[in-house]
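The values are calculated or read from the model by the stated rules, or taken from the named source; none is laboratory data. Just so it is clear, the structure is predicted and the values come from calculations on it, not from any experiment. Heads up, the Cβs are rebuilt from the backbone with ideal geometry, glycines too, and the neighbour counts pull from every protein chain shown. To get the accessible areas, we keep the full protein, side chains included, count just its heavy atoms, and leave off ligands, DNA and RNA. Shrake-Rupley method; radii C 1.70, N 1.55, O 1.52, S 1.80 Å.
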Amino acid sequence: FPYSISGGLPGRGVKELAFAQKRAIEQSLADGTSLGGFSLDLIKAFNTFGRWACGRIMQRLGIPEDIVMAWILSLDKMVRYPTIQGCVAQGIPSTTGVPEGCSISVLAMLATSCFYYHLILSDSVRPFAYADNWSWMSKTQKANFLAYQQMLRGTTVLRLQIDHGKS
């Protein structure tokens, strides 16, 4: 995975990404160049992303199809039990998303982060991804706009929603 992807990878935490971003900002200030960007938060990312699209990305990254398919088929049998004021409601079949505590779900989030990274990466855009928090930096307003458009396409394909209040 590119260095700008973190969250679930040993030795790569949010501090490392924040330091890289701070360094880019300070370098831009020292050079007198402009630098813009965007930081977005995905709404309930683990609970919403499309399993099949994510599974295809995982396969492209080298996870064997048998493992991915067994995982997806097991998730298709999952039932969620909502709890309201301490009372457990009837089960609801799970049709999308992945369980947050599952180790393969961490791989799924890393795969979606990798998809996002390569989707918006260009000569003028530097993406960053920490689990369900994605961002980028760019030196031009046009590159910022194009990255935003690409990111919207990608989140639509993966059935992810952006929390514009936190972004």
Checked region 91-106 for anything surrounded by 12 or more Cβ atoms within 10 Å (Cβ to Cβ), on the phi < 0 side of the Ramachandran plot and at pLDDT 80 or above; matches are 94, 96, 98, 99, 102, 104, 105, 106
### Query
Does region 146-165 contain any residue that is open to solvent by less than 10 Å² (accessible area, probe 1.4 Å), assigned to a helix (DSSP H, G or I), under 12 Å from residue 45 (Cβ atoms) and touching a residue at least 40 places away in the same chain (Cβ under 8 Å)?
yes
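A quick yes/no check of all residues on (1) without any contact (Cβ under 8 Å) to a residue 60 or more places away in the chain; (2) under 24 Å from residue 130 (Cα atoms); (3) of a type outside the set (Val, Ile, Thr):
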| site | (1), (2), (3) |
| --- | --- |
| 69 | yes, no, yes |
| 91 | yes, no, yes |
| 97 | yes, yes, yes |
| 102 | yes, yes, yes |
| 114 | no, yes, yes |
**Message:** Any residue that is open to solvent by 60 Å² or more (accessible area, probe 1.4 Å), more than 29 Å from residue 156 (Cβ to Cβ) and of a type outside the set (Gly, Ala, Ser) - is there at least one of those in region 67-80?
**Reply:** no
Within region 129-150, the residues that are of a type outside the set (Lys, Arg), within 24 Å of residue 27 (Cβ to Cβ) and out of contact with any Gly (no Cβ under 9 Å at 6 or more places or on another chain) are 134, 145, 146, 148
Meets criteria (surrounded by 21 or more Cβ atoms within 10 Å (Cβ to Cβ), in a helix (DSSP H, G or I) and touching a residue at least 60 places away in the same chain (Cβ under 8 Å)) for residue 109
yes
Going through region 81-90 in order, the residues found to be open to solvent by 50 Å² or more (accessible area, probe 1.4 Å), farther than 20 Å from residue 46 by Cβ and assigned to a loop (DSSP other than H, G, I, E, B) are 85, 86, 90
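Yes or no, residue by residue, for (1) part of a helix (DSSP H, G or I); (2) modelled with pLDDT of 90 or more; (3) open to solvent by 40 Å² or more (accessible area, probe 1.4 Å):
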site: 17; (1), (2), (3): yes, no, no
site: 24; (1), (2), (3): yes, yes, no
site: 27; (1), (2), (3): yes, yes, yes
site: 46; (1), (2), (3): yes, no, no
The lone condition residue 39 fails out of (1) closer than 24 Å to residue 161 by Cα; (2) surrounded by fewer than 15 Cβ atoms within 10 Å (Cβ to Cβ); (3) at pLDDT below 90 is (3)
Flagged in region 126-142 as in contact with a strand residue (DSSP E or B) (Cβ under 7 Å, 6 or more places away or on another chain), of a type in the set (A, V, I, L, M, F, W, C) and open to solvent by 10 Å² or more (accessible area, probe 1.4 Å), in numbering order, are 137
Condition set outside any strand (DSSP E or B) and not basic (Lys, Arg), scope region 29-44, selection nearest to the chain's Cα centre (by Cα): answer is 43
Inside region 112-139, the number of residues satisfying the requirement of being in a strand (DSSP E or B) and either small (Gly, Ala, Ser) or in contact with a Phe, Trp or Tyr (Cβ under 8 Å, 6 or more places away or on another chain) (or both) is 11
